[in-house]
Each structure stands twice: as structure tokens, then as C-alpha cells.
Amino acid sequence: MSINPAIGVWDDCLKLIKDNIQPYQFTTWFESIKPLTLQNKVLTIEVPSQFCYEYLEEHFVDLISKSLRKIIGPEAKLDYSVVVASSQNINTKAETVNYPN
């Protein structure tokens, strides 16, 4: 069983982010984010809503980008997978929309 490298990278980024924002901001905006993939220095994270995506882009994009570049390197990029609909059926995957940054 191989471990998803996106998880380790995102955990390292979260440590840096957590040191630079208020605890309530971290809990509100970052705890629900899921790292999905890391390919060619592009980290894709899943955010729970369009609103969360827009808020992160407006208020935290610089901090996220700096953290990601520190962990991955100067070529690091971030993509978002935004959950746009949740199903009541736990066997059905939520619909998502991807946004490159």
C-alpha cells in the first residue's frame, strides 16, 4: 500500500499556515480541506464549497502559495477541486468542479 504524497505535502503546508493565522481561521478555513493528488509539482486540494474556494483565493492565496513553494519548490502550483453538490446517498460521490490556480 502506497501513501498518497499529497497528504504529506499538505500536512507540511498546514503546519506553516497554522503558524501564521489565528486558530479560529485555521479551524474554519483549513481543517475541511482534503489533499487529493500531487503530480508534476501541482497539488490538488478538495474544498467543501464554492464559497470556501473564493474565500481562500481572496484572503489566503498568498500564504498558501508561499507555503507550497517552501515545501515543493519554486515551481509549485495549486489546483482546487470544489465540491458543488453533495448527495444524500453515501454511496454516491459528490460532484466537483476543478479550478487551476
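Values quoted throughout were computed directly from the atomic coordinates according to the rules given, and no laboratory measurement underlies them. Only a predicted model underlies this, so the values are computations on that prediction, with no experimental measurement involved.
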Which of the lysines could be linked to Lys15 by a straight reach, that is with a Cα gap under 26 Å, when you skip same-chain ones fewer than 8 residues away?
Lys34, Lys41, Lys66, Lys70, Lys77
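Classify the stretch 24-87 as rounded, prolate or oblate, taking a ≥ b ≥ c as the square roots of the eigenvalues of its Cα gyration tensor: rounded when a/c is under 1.5, otherwise prolate if a/b is larger than b/c and oblate if not. Before the final figure, lay out each step's value.
On the way: a/c = 2.13, a/b = 1.38, b/c = 1.54.
Oblate, because a/c is 1.5 or more while a/b does not exceed b/c.
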